[in-house]
Amino acid sequence: MRIRYRPLPAREEFALASAASPSFHFGEAFYPPRLHVDDHAHKNHSVTLVLQGSLTETYVRNRAERCPPFTALFRPAGEPHWDIMGDRGSLNLEIELIDDAVFGLGRLRPLFERPTRSEHPRVSGIAQQIHLELGISDSAQSTVLEGLTLELLGMAIRTARPTQRSASFSWLNKAFEVLNDRFREPVRISELAAIAEVHPVHFARVFRAHYGVTPGGYMRRLRLQWAARQLATTKTPLSKIAADAGFSDQSHFGRVFKRHFGIPPGRVRKD
């Protein structure tokens, strides 16, 4: 089988931004709804992070990965695959490893032995920081991107879990999906526990042990990530974004946003 190699983004006409650091190349692209990207591969190990929308990626062994928002895909170099974008398209952050010395750090190898995925909040949180950093053009950008990406890869290794453990908490996965869908609503822990059919105390304890954050902390993180995308891609007034994200007022939103991302929300729109 002859492999057709594509750069990242896989369709350059949809590229929105790009940057580079000594070890990585970064790109962002928005692929239109239901776009089909034919069989291809990438010459380097790569990571795709779905920021908005969704996609389904299929590999030659007919294994398909449906990727909702905040999913990270890790691919080995030369892995053939094809993609179909979801009904709302897909806004993707793409990262290529271009320095073999980084991969030479043996602990990264398990991520790229075969296609793998992560939906862990800590991984998606770092991806969102990379997304914001792509909009800041200063002399520190390359260094910051390098550090964040190494942190992302390290976190993906740390939070990888055996399939058996994930299967044993199928009730938690169900509640997690509801939280991802309804994060801007005032969802209570008791409601999530009822969906999972477990006691609220047990739910809260297992959620934190599994994802490394409380349900409320994860909801706030999703709201901040949503607000960051609105700031970067729309002209909606800051006060309305803060209210729609569930914050009591704009000043409270600004404090929490800066504490989470390290920059004030106005900086995102300005850049």
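Starting from residues that are hydroxyl-bearing (Ser, Thr, Tyr) and assigned by TED's automatic domain parsing to the domain that holds residue 111, keep the ones in region 2-27 and report whichever is farthest from residue 137 (Cα to Cα).
Among residues in region 2-27 that are hydroxyl-bearing (Ser, Thr, Tyr) and assigned by TED's automatic domain parsing to the domain that holds residue 111, the one farthest from residue 137 (Cα to Cα) is 23.
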- Item | Restricting region 41-60 to residues that are at pLDDT 90 or above, over 26 Å from residue 23 (Cβ atoms) and β-branched (Val, Ile, Thr), the residue that is surrounded by the most Cβ atoms within 10 Å (Cβ to Cβ) | 58
- Query: Does residue 25 satisfy being closer than 22 Å to residue 99 by Cβ and touching a Lys or Arg at 6+ places or on another chain (Cβ under 8 Å)?
  - Reply: no
- Note on the structure: Quick count over region 178-193, residues being within 23 Å of residue 125 (Cβ to Cβ) and either touching a Cys at 6+ places or on another chain (Cβ under 6 Å) or among the acidic types (Asp, Glu) (or both), is 2
- Message: If I ask for residues that are surrounded by 14 or more Cβ atoms within 10 Å (Cβ to Cβ) and assigned to a helix (DSSP H, G or I), which ones from region 259-271 would you list?
- Response: 260, 261, 265, 267, 268, 269
- Message: Let me confirm something: among 175, 204, 196, which residue is closer than 20 Å to residue 123 by Cβ and among the aliphatic types (A, V, I, L, M)?
- Response: 175
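What do you reckon, is residue 191 modelled with pLDDT of 85 or more, of a type in the set (Asp, Glu), within 28 Å of residue 267 (Cα to Cα) and surrounded by fewer than 17 Cβ atoms within 10 Å (Cβ to Cβ)?
Considered against the rule, which asks whether it is modelled with pLDDT of 85 or more, of a type in the set (Asp, Glu), within 28 Å of residue 267 (Cα to Cα) and surrounded by fewer than 17 Cβ atoms within 10 Å (Cβ to Cβ), residue 191 comes out as no.
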- Query: Applying the selection to region 227-271, what residues are within 15 Å of residue 183 (Cβ to Cβ) and of a type in the set (S, T, N, Q)?
  - Reply: 230
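The values are calculated or read from the model by the stated rules, or taken from the named source; none is laboratory data. The structure displayed is predicted, hence computed values, not measured ones. In this analysis, Cβ positions are derived from the backbone assuming ideal geometry, glycine residues included, and neighbour counts consider all displayed protein chains.
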